[in-house]
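The values are calculated or read from the model by the stated rules, or taken from the named source; none is laboratory data. It should be emphasised that the depicted structure is a prediction, and the values quoted were computed from it without experimental measurement. Ideal geometry is used to build each Cβ from the backbone, glycine not excepted, and the neighbour counts take in all protein chains shown.
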Amino acid sequence: MEKIEQVRAALARRGLQALWVSDPANVRYLSGFTHPDDGRLLVTPGAAVLYTDGRYTVQAQEDALPGIEVVIARPMEAVEGAAGTVAGMKLGIEGAHLTVSALERLRERWQVQFHPVEGLVEELRLHKAEDELAGIRAAQDLADRVFAEVRPQIQAGVRELDIAIALEQGLRQAGATPAFDVIVASGVRGALPHGTASDKVIEDGDLVTVDFGANLNGYNSDMTRTVAVGQPSDELRRIYSAVLEAEEAAVRAVRPGLKAAELDAVARDILAGHGLAEAFAHSLGHGVGLVVHEGPRLAQGSEDVLKPGMVITIEPGAYLPGLGGVRIEDLVLVTEDGYEVLSHSPKETL
Ligand SMILES: CSCC[C@H](N)C(=O)N1CCC[C@H]1C(=O)N[C@@H](C)C(=O)O
């Protein structure tokens, strides 16, 4: 019930009494329910009730964390059944997730004051508990093993899609799913930061960016390696070395108390020194957990500050349209006195 007590405390700080949780990651985090797309959680001063339907009668009971009450009901029955409990309360709703039509349905049935809240549960999720860390480590260890198996297949004459399929098959054989569509971007396609695998054939001299993660028991990993096939040009090698320098420097800089924007600047300044400021077209990284992109935000202008227990990516890149690109990404745990790198796949030196 510790998490639910933390929610109640956060509600009290906002002058609220109850929370209707509809974001699937938050439903899962607070209740343990493994099919959170089909669940909603109502946290009130006296109870925490998971609502789901008859497809999950057994599953929800098995999954529910201690102290979570399970009610099996169709969605509107659930809402009507809870009307008495919430009557007169100041109720938080997750503004970033609840749709306008879902809110309308609640308004028709509940006599409450609705208050959109932002980041209430997400703030709790920033700090990973030991069991969550174990889940992320297991997902990353699996991704490292699968990458080692597939790495020899990244050769001239093979399609990007074949590499993506091999990675996905490796993950699925181990009981995981891909955390997101596998990115395999070779040659000029390397200039696409989100270049999901295509039918392009990998050629001699290509750099190949492979960005993928495992989702294992709900927790995600995220890692990128850029590998060389044959002999890439001197210009591509220069860009690779610059990105590697930026990535390693940023990883070494990770420590609790550091502002996320300052960490972003560590990598960005190095790339700028190599004339690649414009080529680094995205943020340095992000938090990883039940969702691949979650807090903290490692970006210019971010107000976030690193704290022990956060799991983040460090992933600078350089993208040059018409030429290609490089990205190198590690998954990193912020510890009490620094950092621990969770991704262990070797990085090439070109
Ligand atoms: C579709 S999930 C992509 C996972 C990947 N490792 C990743 O997070 N990337 C790839 C390039 C940029 C980065 C990203 O999408 N960053 C976001 C948070 C941004 O807005 O910069």
**Asked** Would you call ALA228 away from the ligand (no atom under 16 Å from the Cβ) and more than 23 Å from the chain's Cα centre (by Cα)?
**Response** yes
**Message:** Checking the condition away from the ligand (no atom under 11 Å from the Cβ) and closer than 26 Å to ARG189 by Cβ, which residue from SER283, SER345 passes?
**Reply:** SER345
**Prompt:** Scanning for something within 16 Å of the ligand (Cβ to nearest atom), more than 30 Å from THR34 (Cα to Cα) and either among the aromatic types (Phe, Trp, Tyr) or touching a helix residue (DSSP H, G or I) at 6+ places or on another chain (Cβ under 9 Å) (or both), does the range 152-173 turn up at least one residue?
**Reply:** yes
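Looking for something in contact (Cβ under 8 Å) with a residue 24 or more places away in the chain, out of contact with any Asp or Glu (no Cβ under 9 Å at 6 or more places or on another chain) and within 14 Å of the ligand (Cβ to nearest atom) - is there at least one such residue anywhere in the range 177-187?
Looking only at the range 177-187, we keep the residues that are in contact (Cβ under 8 Å) with a residue 24 or more places away in the chain, and these are 177-180, 182-187.
Okay, now just the ones that are also out of contact with any Asp or Glu (no Cβ under 9 Å at 6 or more places or on another chain), so none.
No, because not a single residue in the range 177-187 is in contact (Cβ under 8 Å) with a residue 24 or more places away in the chain, out of contact with any Asp or Glu (no Cβ under 9 Å at 6 or more places or on another chain) and within 14 Å of the ligand (Cβ to nearest atom).
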**Prompt:** Hey, which of the strands (runs of 3 or more DSSP E) in the range 24-122, taking only ones fully inside, have at least 1 residues that are at pLDDT below 95 and among the polar types (S, T, N, Q)?
**Reply:** none
**Message:** Please go through the range 305-330 and give me each residue that is among the β-branched types (Val, Ile, Thr) and under 17 Å from HIS127 (Cα atoms), ordered by number.
**Reply:** VAL305, VAL311, ILE312, THR313
**Message:** Being of a type in the set (Gly, Ala, Ser), under 21 Å from SER198 (Cβ atoms) and either touching a Pro at 6+ places or on another chain (Cβ under 7 Å) or crowded, with 18+ Cβ neighbours inside 10 Å (or both) is true for just one of GLY135, GLY170. Which residue is that?
**Reply:** GLY170
**Message:** Please go through the range 289-327 and give me each residue that is under 23 Å from ILE270 (Cα atoms), within 11 Å of the ligand (Cβ to nearest atom) and assigned to a loop (DSSP other than H, G, I, E, B), ordered by number.
**Reply:** ALA299, GLN300, SER302, GLU315, PRO316
**Fill in**
Cβ pairs under 6 Å, 6+ apart or interchain, first in the range 19-45 and polar (S, T, N, Q), second in a helix (DSSP H, G or I) and surrounded by 18 or more Cβ atoms within 10 Å (Cβ to Cβ), ordered by first then second residue, are ASN26/VAL121; THR34/ASP63
**Cβ pairs under 7 Å, 6+ apart, first in the range 94-114 and without any contact (Cβ under 8 Å) to a residue 60 or more places away in the chain and at negative phi, second assigned to a helix (DSSP H, G or I) and small (Gly, Ala, Ser)** = ARG109/ALA83; TRP110/ALA83
